[in-house]
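Here is the structure we will look at.
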Amino acid sequence: MTTSSHNMQVNDFGIEHAHWRNWVGNQSCVRAARGAPQSEDELCAMIAAATGRGLNVRVAGSGHSFTPVALTSGLHLTLSGMKGVKHVDREKRRVTAAAGTTINELVKVLKAEGLSMLNQGDIDSQAIAGAFITGTHGTGAALPVLADCIVGMKLVQPDGSILVVDETTPDLLLAGRVSLGTLGAISEMTLQVTDSYRLKERIWREDFESAMEMHDELAEKHRHFSFFWCPYEESRHCYCLPDTSATSKTGRTSDVCEMKVMDITEEAPFEGEFDKVAYSSDVYPIEYIPNFHELEYAVPRQHGKDAVRAVRKIMLDEFPEAIFPIEYRFTAGDEAWMSPFHRQDSVTVSVSGEPGKDYWDYLRAVDKILRGYGARPHWGKLHFLTGEDVEAVYPRAQDFRALRRKLDPQGFYLNDHLSQLFR
Ligand SMILES: Cc1cc2nc3c(=O)[nH]c(=O)nc-3n(C[C@H](O)[C@H](O)[C@H](O)COP(=O)(O)OP(=O)(O)OC[C@H]3O[C@@H](n4cnc5c(N)ncnc54)[C@H](O)[C@@H]3O)c2cc1C
C-alpha cells in the first residue's frame with residue numbers, strides 16, 4: 001500500500017481495503033484509491049491529484065442508496081472527517097454545515113439552537129449531502145423535497161478548485177440541489193431551516209378501502225400523512241412497524257393500512273401507545289434493518305389512489321411472495337431541475353424485494369404500472385430509468401446535462417450508472 005502526503009491510499013488493491021459496499025449490501029465496488037479528507041483543502045488536493053492521474057471520483061455519504069450512485073473504480077471518498085455545523089444565522093434561520101454531517105448530527109445542533117428542519121424522512125443516519133442530492137423526501141402534501149432547503153453549497157471541481165453556489169447563481173442552485181454528485185464533490189451546504197417546533201404523531205390501522213376514502217381529507221388536514229399498506233399479517237414485521245391491531249375497527253390483520261398523521265403542536269412532550277409529542281426531529285425517524293431492497297417512484301398526486309390500487313392488485317394476484325408493505329407518502333412540487341417532484345405535487349409509492357430472492361419480475365411489473373402514470377423514480381432507490389426516459393420525464397434534463405458537461409467535460413464525476421442517465 002502506498003499512502004500519499006494527502007492521506008490518500010493509492011494502489012491499495014488488498015481486497016479488505018479496496019472493497020466498498022453500501023448499507024444494505026446490494027451495491028459494491030473495488031476502488032483504486034480511497035480517501036478520508038479532514039478539511040476542504042485536503043478534499044480539493046485529493047480530487048486534483050486523482051483526476052490528474054485520470055481517476056474518476058465519487059464521494060459516498062452514509063451508503064444508504066440502493067442504486068449504484070456512489071460506486072467508482074477510481075477515487076472513493078468518505079467525508080466522515082468533514083462534519084459539523086460551521087455557522088448559524090439565527091436571524092435568517094440558516095445553517096452552514098460540512099457535507100459529511102449526518103442529518104442526526106445536524107438536528108442535534110438545530111435543537112440546541114431553537115431551530116428545526118422543515119421536514120425529514122424515515123431515517124436520519126444519512127449524510128446531509130448524500131441525502132439531499134438524491135431527492136430524499138418525507139411526507140406532507142404541502143412540504144417539498146428536503147433539497148428545497150439548500151440555499152448554498154460549495155462544489156469541488158475536477159481540478160480541485162471550488163465553485164460557490166448560492167442564490168446569486170440560480171441555475172447552479174436549482175441544478176445542484178438534486179445532482180447526485182455529478183456537478184462536483186460538495187464540501188459544505190447552507191440550509192434554510194425554521195423555528196423549533198414539536199410534532200404530535202398519531203398511528204392507527206384502517207382497512208384499505210377506508211384508507212382510500214380518507215385519503216384526500218387526511219392529506220389536506222394534516223401537515224404529514226402517510227401509510228404503509230400491509231398485504232399480510234407478517235408484513236408489518238418486515239419494516240418493524242408497531243402493533244396497532246387494538247385500533248382496528250374491523251379486526252382485520254391483512255390487507256390493512258398502518259396510518260400515521262403528524263401535526264405541529266404546543267402540547268407538552270409525552271409518549272402513549274399510539275400517539276406521542278416530542279421535538280420535531282425526535283418524532284420523524286423510524287426503525288429499519290437492512291432486510292429490504294427498495295424501489296420508490298413519485299406519481300403525480302391526482303393518480304396516487306389509482307396507482308396504489310394497481311400495485312396492490314398485482315401484489316395480491318400475481319406476486320403473493322411480495323410481502324413487504326407499500327409505503328405511501330406525499331410531497332409538494334419544487335423547482336430543482338432533477339427533483340422527482342419537479343413542478344409536480346406527488347405521492348410516492350414504494351415497494352421492496354427481499355435480499356437473496358429474485359424479485360426483478362415483481363419490481364419490473366411495478367415499474368410498468370407506475371410509468372403509466374408518468375412516474376419519476378427516487379434516484380437512490382432501485383429503478384429502471386434509461387437516459388431516454390430521463391429526457392421524457394424531466395423537462396430540464398437537457399439543461400442539466402449541458403451544465404454537467406460544462407463543469408466536468410471529461411466525466412470524472414460519473415460512473416457507468418450515472419453516465420447512462422446524465423452524460
Ligand atoms: C433504511 C432507509 C430509509 C430511507 N428512508 C428514506 C426516506 O424516508 N425518504 C427518502 O426519500 N429516501 C429514503 N431513503 C433513501 C436515502 O435517503 C437516499 O438514498 C440517500 O441518498 C442516502 O444518503 P447517504 O448519505 O447514504 O448517501 P449515499 O447513498 O452514500 O450517496 C448518495 C449520492 O450522493 C453522493 N454524495 C454523497 N455525499 C456527497 C458529497 N459530499 N459530494 C458529492 N456527492 C456526494 C454519492 O456519490 C451518491 O451519488 C432511505 C434509505 C434507507 C436505506
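The values are calculated or read from the model by the stated rules, or taken from the named source; none is laboratory data. Everything quoted here is computed from the prediction, not taken from an experiment. Quick reminder, even Gly has a Cβ in these numbers, built from the backbone with ideal geometry, and neighbours come from all protein chains shown.
Of the residues that make up region 162-184, is at least one within 30 Å of LEU218 (Cα to Cα) and either among the hydroxyl-bearing types (Ser, Thr, Tyr) or within 14 Å of the ligand (Cβ to nearest atom) (or both)?
We begin by selecting, within region 162-184, every residue within 30 Å of LEU218 (Cα to Cα); these are 177-178.
Still in the running and either among the hydroxyl-bearing types (Ser, Thr, Tyr) or within 14 Å of the ligand (Cβ to nearest atom) (or both): 177-178.
Yes; the residues of region 162-184 include at least one that is within 30 Å of LEU218 (Cα to Cα) and either among the hydroxyl-bearing types (Ser, Thr, Tyr) or within 14 Å of the ligand (Cβ to nearest atom) (or both).
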Which members of region 287-313 meet the condition of being surrounded by fewer than 16 Cβ atoms within 10 Å (Cβ to Cβ) and not charged (D, E, K, R)? ILE289, PRO290, ASN291, GLN302
Name the one entry in ALA50, ALA45 that is surrounded by 23 or more Cβ atoms within 10 Å (Cβ to Cβ) and more than 12 Å from the ligand (Cβ to nearest atom). ALA50
In region 118-157, how many are surrounded by 24 or more Cβ atoms within 10 Å (Cβ to Cβ) and more than 20 Å from GLY380 (Cα to Cα)? 2
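For region 79-147, which fully contained strands (runs of 3 or more DSSP E) count at least 1 residues that are out of contact with any Leu (no Cβ under 9 Å at 6 or more places or on another chain) and more than 11 Å from the ligand (Cβ to nearest atom)? Quick ask: steps written out before the conclusion?
Working: elements: 85-89, 94-98, 140-144.
Output list reads 85-89, 140-144.
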Region 395-419 residues that are at positive phi, paired with ones that are outside any helix (DSSP H, G or I) (beta carbon under 9 Å, 6 or more apart): GLY411/ASN56; GLY411/THR182; GLY411/ARG423
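Table: residues versus (1) assigned to a loop (DSSP other than H, G, I, E, B); (2) of a type in the set (Phe, Trp, Tyr).
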{"position": "MET315", "(1), (2)": "no, no"}
{"position": "PHE319", "(1), (2)": "yes, yes"}
{"position": "VAL349", "(1), (2)": "no, no"}
{"position": "GLY356", "(1), (2)": "yes, no"}
{"position": "ASP367", "(1), (2)": "no, no"}
{"position": "HIS383", "(1), (2)": "yes, no"}
{"position": "ASP389", "(1), (2)": "no, no"}
{"position": "PRO395", "(1), (2)": "yes, no"}
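Quick one: which of SER226, SER210 is among the hydroxyl-bearing types (Ser, Thr, Tyr), closer than 15 Å to GLY140 by Cα and outside the structural domain of GLN120 (by TED's automatic domain parsing)? Steps first, please.
Details: SER210 fails: closer than 15 Å to GLY140 by Cα.
Sole residue among the options that is among the hydroxyl-bearing types (Ser, Thr, Tyr), closer than 15 Å to GLY140 by Cα and outside the structural domain of GLN120 (by TED's automatic domain parsing): SER226.
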When GLN120 is run through (1) in contact with a strand residue (DSSP E or B) (Cβ under 9 Å, 6 or more places away or on another chain); (2) under 22 Å from GLN344 (Cα atoms), the failure sits at (1)
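Condition check ((1) assigned by TED's automatic domain parsing to the domain that holds LEU180; (2) within 27 Å of GLU327 (Cα to Cα)) across all residues:
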| site | (1), (2) |
| --- | --- |
| SER39 | no, no |
| LEU43 | no, no |
| VAL69 | no, yes |
| LYS111 | yes, no |
| GLY114 | yes, no |
If you go through SER62, SER39, the only one that is of a type in the set (Ser, Thr, Tyr), over 30 Å from ALA219 (Cα atoms) and under 21 Å from the mean Cα position of the chain (by Cα) is SER62
Taking interchain pairs and intrachain pairs at least six residues apart, which have beta carbon atoms under 9 angstrom, with the first residue in region 368-382 and farther than 23 Å from VAL69 by Cα and the second among the hydroxyl-bearing types (Ser, Thr, Tyr)? TYR373/TYR297
Residues within region 369-381 that are within 16 Å of the ligand (Cβ to nearest atom), assigned to a loop (DSSP other than H, G, I, E, B) and of a type outside the set (Lys, Arg), tallied: 4
Looking only at region 404-420, and only at residues there that are of a type outside the set (Ser, Thr, Tyr) and within 11 Å of the ligand (Cβ to nearest atom), the one that is surrounded by the fewest Cβ atoms within 10 Å (Cβ to Cβ): HIS417
